[in-house]
Number of protein chains: 2
Amino acid sequence: MKKYTYNTEVRQQLDIILKRSESDQQDVRTTVLDIIDRVKSEGDRALKDYEEKFDHCKLDSLKVTPEEIDRAFSETDPALIETIKRSAENIRNFHEHQKETTWTIHPKDGITLGQHITPIDRVGVYVPGGKAAYPSTVLMDTIPAVVAGVDTIVMVTPPDASGNINQNILCAAKIAGVTEIYKVGGAQAIAALAYGTETIAPVNKIVGPGNIFVATAKKEVFGKVAIDMIAGPSEVCVVADSTANPVYIAADLLSQAEHDEMAMPVLVTTDDKLADQVIAEIDRQIDTDLRRKAIAKASVTDHGFVFVCDNLDDAFELTNQIAPEHLELAIDNSEKYLDCVRNAGAIFLGMYSPEPLGDYYAGPNHTLPTSGTAKFSSPLGVYDFIKRSSIIQYDRDNLKAAADDITAFAYSEGLDAHAKSIERRFSNDA
Amino acid sequence: MKKYTYNTEVRQQLDIILKRSESDQQDVRTTVLDIIDRVKSEGDRALKDYEEKFDHCKLDSLKVTPEEIDRAFSETDPALIETIKRSAENIRNFHEHQKETTWTIHPKDGITLGQHITPIDRVGVYVPGGKAAYPSTVLMDTIPAVVAGVDTIVMVTPPDASGNINQNILCAAKIAGVTEIYKVGGAQAIAALAYGTETIAPVNKIVGPGNIFVATAKKEVFGKVAIDMIAGPSEVCVVADSTANPVYIAADLLSQAEHDEMAMPVLVTTDDKLADQVIAEIDRQIDTDLRRKAIAKASVTDHGFVFVCDNLDDAFELTNQIAPEHLELAIDNSEKYLDCVRNAGAIFLGMYSPEPLGDYYAGPNHTLPTSGTAKFSSPLGVYDFIKRSSIIQYDRDNLKAAADDITAFAYSEGLDAHAKSIERRFSNDA
């Protein structure tokens, strides 16, 4: 962990210190465009060829059968299935509060205005394979769509070399409410979801994390379909005062660090002594038996930061500039500081709300804005799976009363036919 | 207007008939990437060079002064200013209903979950110059941001060769609540908003329509900043039964056609006789004194369609496939059919709710999803200018009760440090 005193110089150099770089990979884009073109022209044939090439798997059929899902349930620890179900229930309950309904207002007699809410028809959920196959993410990406009322939720995920999908992923998909599952990953899966093939009908929106090929493909098909944000490395920022427990903070920073060598664990504190305690505690904890110790070490060393601030005002100024994916407030009376937070994906309050509680269990979504995008975007939610349509209804008298304003505005913009659409309705009036 | 009977063949060929093509312009992208790179490295210098090159305008200063705004007000027809103010008030009143507030819930004693709402700090609004300089769009793109509580709204728009901005645009900007205005357009303006220059501080989100260079630049900076949807040609779809008035329908289709040679006016009707009446009426009305007659003719001829359906069920099936930007329901008891609409940007009900009422005056936004994107996106609204942050707070007892589920889930995903962040909080418990 690199330690800085938060001063004017650090304030100005913050972007350089954090090194949250944009990826600009022209070679990846060329490959991805080729894959998209081939899937558009050759459909399933291209998907099967790419699965053989990239996942070393010869597939007769892309679709996961009900028998494969039944087998996954029979081979999975029943206790884990119950855990997944309890987590799914918490996620569902929280997201129910995000539902919106159609509303209308009547500013005057004879005028109705409003907002008509409808779910997206078809949604695609991308789920990575291999070690990054996380059933928790299947729940988080699918359940908001189910709550929104989406009719068809299509999951795509790469198979292993034997043509199988991780059994926990299949169980989570069934529990969450996925309606169709296909064995295809990478840019070819994104192309299939956007343009359709003989087997996979196209969707209207694609969500879910993936590697650089998946992310680039999502960016390319954006516009043809909607996508969620492009996810960068995971991040946690802990804001701590002298009342915080360095053992807990170190553990929480490490839980983020183990995700990815590029993950960013950050401590922002008003207490220089605590800063040193946390740094020492990380060194101690990282040498226990973590399966992903090497990853956590790389993250902490290359992307771990401690900032010591004069006061909490500075701490929140810095935190709002960082706009972290996860923000833990390990400060006394943490809930009183909620209004100091302008930019964060999820806010964890107090010493018994560590980030893994949100990753797995509490209910709010764990698909969150990274790389500072919390400055303009939000956790995945029910609002991402609905559309709004405006409603406008005027009666004759109200349109007539508005006619002069509308025609004056239209003529001022040079749009005569706009004005005439109003005038023709009243041309026989005296 | 090309006339089709809506049958199985037309159903299958719909995308080909409508020809709403995707633009794929590699040469434009190369130019735009060069412009973005130069603005990133050279800042204001690059902006001024590009303004001289593209808009033939030598600028000393990019920023519009308060004196220029005062002059615009003194030179504009006071009646038009009052029209713009009344329109702005209607837009503001409608969008106030879209405001969201922070909420929390308490699923159990000792647990708080919720959603914290904050406005985006800084927003950029792109306004095209020349003939497409529409003050109504300035109102529509700015007022939702003002209602959301956005602190700084930066408008960019290309100047004419003398370095001036259209006076109606300046008046609308002031009335709407724009906080800063800069004389710069094209891809260079988008680059400046995304990356900042000496004069223009970077924003978090960019909205507003533009030509292919502006749209391509917005797509390129997406991820670094948020953007609204890439707007395609404007569209209207009128669903009409035998009670509809062909004179009004023709006028409304023409009001859309005059926007752009690529604009798409569509009639979907259950009455073959009405179809022919509307076609004849368009021929008659188009030969009146419209300033944009040639544009309207091209749109009607190349992109105008009439579909005759057996019944309203088929009419709505077709309409939902088209997912039009504007949908007029010119049918008896139109409000009863609202639930038949699944995909549309704005829905105009009845014979006295023509589309220009929504473009200029009623209050709902006129920045709407085009090219079928109403299948997954919504009108511009207050929701586009806020972010949500999840709130999670557990006390000790509740975290302890959840500990087994969280650690089981974490270990199943191979994320040991996630589990330990929970375990370390209870490791001294008996």
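Here are the numbers:
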read-out: Length-normalised contact order for the stretch B:26-227 - Cα pairs under 8 Å, 6+ apart - percent; value: 29 percent
read-out: Student exercise, the stretch B:283-360 dipole from Lys, Arg, Asp, Glu Cβ charges, in Debye to nearest 20; value: 400 debye
read-out: Using a 7 Å Cα-to-Cβ projection, A:Glu335 label spacings across copies, nm, ascending; value: 4.3
read-out: Extreme residue, positive dipole direction of the stretch A:26-227, given options A:Leu139, A:Gly43, A:Asn166 (C-beta unit charges); value: A:Leu139
read-out: DSSP-defined antiparallel bridges as percent of all bridges, the protein assembly as shown, nearest 5; value: 25 percent
read-out: When each of A:Lys205/B:Lys63; B:Lys85/B:Lys205; A:Lys99/A:Lys218; A:Lys53/B:Lys40 is checked by Cα-Cα distance, pairs over 32 Å; value: A:Lys205/B:Lys63; A:Lys53/B:Lys40
read-out: Three semi-axes of the equivalent ellipsoid, the stretch B:148-209, Cα gyration tensor, whole Å, largest first; value: 18, 16, 9
read-out: Set of lysines near B:Lys293 by C-alpha distance (under 25 Å), chain-local residues within fewer than 8 positions excluded; value: A:Lys420, B:Lys2, B:Lys3, B:Lys19, B:Lys131
read-out: Cα Rg, Dmax (largest Cα-Cα span) when computed across the stretch A:380-430, Å; value: 16.4, 56
read-out: Whole-number Å³ per residue for the convex hull built on Cα positions in the stretch B:248-383; value: 112 Å³
read-out: Value of [θ]222 nm, deg cm²/dmol, for chain B, DSSP H segments ≥ 4, -39500 (n - 2.57) each, nearest 500; value: -14000 deg cm²/dmol
read-out: FRET efficiency, 1/(1 + (r/R0)^6) with R0 60 Å, evaluated for B:Ser427 and B:Phe73 via beta carbons; value: 0.30
read-out: Kirkwood hydrodynamic radius over Cα pairs of the stretch A:303-365, then Stokes diffusion coefficient at 37 °C and 0.692 mPa s, in µm²/s; value: 264 µm²/s
read-out: Between the stretch A:324-403 and the stretch A:125-172, the Cα center-to-center distance that results, in Å; value: 24 Å
read-out: Long-range tail of P(r) for the stretch A:151-295 (Cα pairs > 21 Å, %); value: 59 percent
read-out: For B:Arg396, label point 7 Å along C-beta direction: distances to other copies, nm; value: 7.5
read-out: Principal axis dimensions, largest first and in whole angstrom, of the stretch A:175-254 by Cα; value: 60, 30, 18
read-out: Among B:Thr76, B:Thr370, B:Val300 - extreme Cα towards positive end, dipole of chain B, charges at beta-carbon; value: B:Thr76
read-out: J(HN,Hα) series, the stretch B:149-160, from Karplus relation 6.51 cos²θ - 1.76 cosθ + 1.60, nearest Hz, glycine and proline x; value: x, 4, 6, 10, 10, 9, 9, 10, 7, x, x, 7
read-out: Stokes-Einstein diffusion coefficient of the stretch B:26-227, Kirkwood radius over Cα pairs, 4 °C, 1.567 mPa s, in µm²/s; value: 72 µm²/s
read-out: Isotropically averaged projected area of the stretch A:223-320, using the convex hull of Cα atoms (one quarter of hull area), nm²; value: 7.8 nm²
read-out: For the protein assembly as shown, alpha-carbon Rg relative to the globular expectation (2.2 N^0.38 Å, N residues); value: 0.97
read-out: Position A:Thr8, label points 7 Å along Cα→Cβ, spacing to each other copy in nm (shortest first, one decimal); value: 7.8
read-out: Calculated over chain A: convex hull of Cα atoms, volume per residue (Å³); value: 206 Å³
read-out: Reduced Cα scattering model of the stretch A:338-411, Debye log10 I(q)/I(0), q = 0.14, 0.24 Å⁻¹; value: -0.64, -1.20
read-out: Overall form of the stretch A:29-120 per C-alpha gyration tensor (a/c, 1.5; a/b vs b/c); value: oblate
read-out: Cross-link reach list, aspartates and glutamates versus B:Lys400, counting only Cα pairs under 13 Å and skipping chain neighbours closer than eight places; value: B:Glu423, B:Asp429
read-out: Relative contact order for the stretch A:242-282, counting Cα pairs under 8 Å that sit 6 or more residues apart, in percent; value: 53 percent
read-out: Rg to Rh quotient for the stretch A:1-58, alpha carbon positions, Kirkwood Rh; value: 1.40
read-out: Taking chain A and dividing mean pair separation by its residue count, relative contact order in percent (alpha carbons under 8 Å, at least six apart); value: 20 percent
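Every read-out reported here was derived from the displayed coordinates using simple, explicitly stated rules and does not represent laboratory data. What you see is a predicted model; the values in this text were computed from it and never measured. Because the Cβ atoms are built from the backbone with ideal geometry, glycine has one as well, and the counts that use them run over all protein chains shown.
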